[in-house]
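A short worksheet on the structure shown next.
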Amino acid sequence: MIKTDILIIGAGPTGLFAVFEAGLLKLKCHLIDALPQPGGQCSELYPKKPIYDIPAYPEILAGDLTDKLMEQCKQFEPGFTLGERADTIEKQDDGTFIVTTNKGTKHHAPVVAIAGGLGSFEPRKPLIDNLADYEDKGVEYMIKEPELYRGKKVVIAGGGDSALDWSIFLSDVAEEVTLIHRRNEFRGHLDSVEKVQELKSAGKINLITPAEVIGIEGDGKVEAVTIKQDAKTYKKECDHFVPLFGLSPKLGPIANWGLEIEKNAIKVNNALDYQTNIPGIYAIGDVNTYPGKLKLILCGFHEATLMCQSAYQIINPGKRYVLKYTTVAGVDGFDGTRKEAPKAVVKKIE
Amino acid sequence: MEQDVNIKITDRDGVVHEVVAPTDMAMNLMEVVRSYELAPEGTIGICGGMAMCASCQCYVLSDTELPEMQDDEEAMLSEAFYVKDNSRLGCQIQITPELEGLEVELAPES
């Protein structure tokens, strides 16, 4: 059982900044995210797109924003359960919560902060009849451990950045990489497209376009896929089939947690602390709604900060605290590091 | 007002809405749908308007001349579901005076 002070569901910008703000109050955080990496939409959907409305950053790439938020909260040693979706929540007699993921990992915390954005990202699955039979038996919708593919034959399908990037990456790991796409054109970053072109010419990636995987075969695990190209259909032997058709966010199991939902979002008390109708459960960032709500990263940062102050009172009932400025108090990391402003130099002028 | 255009939007339940959209606020068709709340939040414009999710797919019913489809829109539609010949992504259609009289229908949620 993983124990923490604030269990944050969603490792996007709002969740990551909450780790920092909680750390200032000496509260430890653990984050759960359905994606295999932190950053939420910023890292999954548009890592290379610039954002222009982060205060003090005239322009910052979404991927860089994620990196900086990770760097900023690092000293507070957040724990991560990645690639798993928070499925159930049980309130204990003492008012604390146990949250269990789809993989059975249990987390115990007095406060839960849902920072789930538009929901957990679920893979868009191609329409292949027996696809579900081979899930985790050679069919994977996201690549979590590249080593799994070492020395294996891998077929990747899709036309976006993840299909391109993983084909490039696995060309050095797998025995054979085949990339299949419905069109000749790819939607990815220009560098990636050129790199795949290069690897294709060097014989390190098989590129099959315009084509589609329409069937899977194998006894208990993937052994081959059926490919339709123009009018002909043929089989290709492989150990893994990885369809990468993008992800679409779904509120998912959180919708059944007894929280008040409005417009696909969780209603919160915005006059106070972004708490939901269940005391001890907060919702911050894009996942919440209240009169005047704006789905902006900068609003998520604000909401995360107020949430932490309120959570402090739940975790430390009656314990006094006043807001301190980092410029004055510095930042004491849980890892033993300390950041502080240099002391002013006082010197006499003769 | 002079800079407004009239657009007819059929929502996902088949209800037709006649709406007025401003041309001076740099809005696109997806945003017009959202501003009139013609589709539930979280089911349209999920990617924010980057032609990356197809949640704003619509079918163009009138013969209004529309801005030409760019590569990213075409590529996204090639990976989307329920695509027809008259499919477009609402987020890629800027509201301009030329759109007066446009009629569209929202594609099913997928």
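The values are calculated or read from the model by the stated rules, or taken from the named source; none is laboratory data. Every value quoted in this text rests on a predicted model; they were computed, and no experiment measured them. Don't worry about glycine lacking a Cβ; one is built from the backbone with ideal geometry, like all the others, and counts go over all protein chains shown.
Points worth noting:
- Residue within the range A:92-113 that is touching a residue at least 60 places away in the same chain (Cβ under 8 Å) and not assigned by TED's automatic domain parsing to the domain that holds A:C42 present: no
- The residue that is modelled with the lowest pLDDT, among those in the range A:244-260 that are more than 10 Å from chain B (Cβ to nearest Cβ) and not in a loop (DSSP other than H, G, I, E, B), is A:G252.
- Being among the β-branched types (V, I, T) and either within 27 Å of the chain's Cα centre (by Cα) or within 20 Å of A:L7 (Cβ to Cβ) (or both) is a property that holds for A:T305.
- A single member of A:L244, A:L296, A:L251, A:L259 is surrounded by fewer than 17 Cβ atoms within 10 Å (Cβ to Cβ), touching a residue at least 12 places away in the same chain (Cβ under 8 Å) and among the hydrophobic types (A, V, I, L, M, F, W, C), and it is A:L296.
- The range A:93-129, residues that are of a type in the set (D, E, K, R) and assigned to a loop (DSSP other than H, G, I, E, B): A:D93, A:D94, A:K103, A:R124, A:K125, A:D129
- Residues within the range A:140-169 that are surrounded by 24 or more Cβ atoms within 10 Å (Cβ to Cβ) and over 20 Å from A:L45 (Cα atoms), tallied: 2
- Being over 12 Å from the mean Cα position of the chain (by Cα), more than 14 Å from chain A (Cβ to nearest Cβ) and either surrounded by fewer than 16 Cβ atoms within 10 Å (Cβ to Cβ) or closer than 21 Å to A:K263 by Cβ (or both) is a property that holds for B:V19.
- Restricted to the range A:24-67, and to residues there that are among the aromatic types (F, W, Y) and assigned to a loop (DSSP other than H, G, I, E, B), the residue that is nearest to A:T100 (Cα to Cα) is A:Y46.
- Checking every residue in the range A:273-284 against the condition of being out of contact with any Phe, Trp or Tyr (no Cβ under 9 Å at 6 or more places or on another chain), away from chain B (no Cβ under 14 Å) and closer than 22 Å to A:T100 by Cα gives at least one match.
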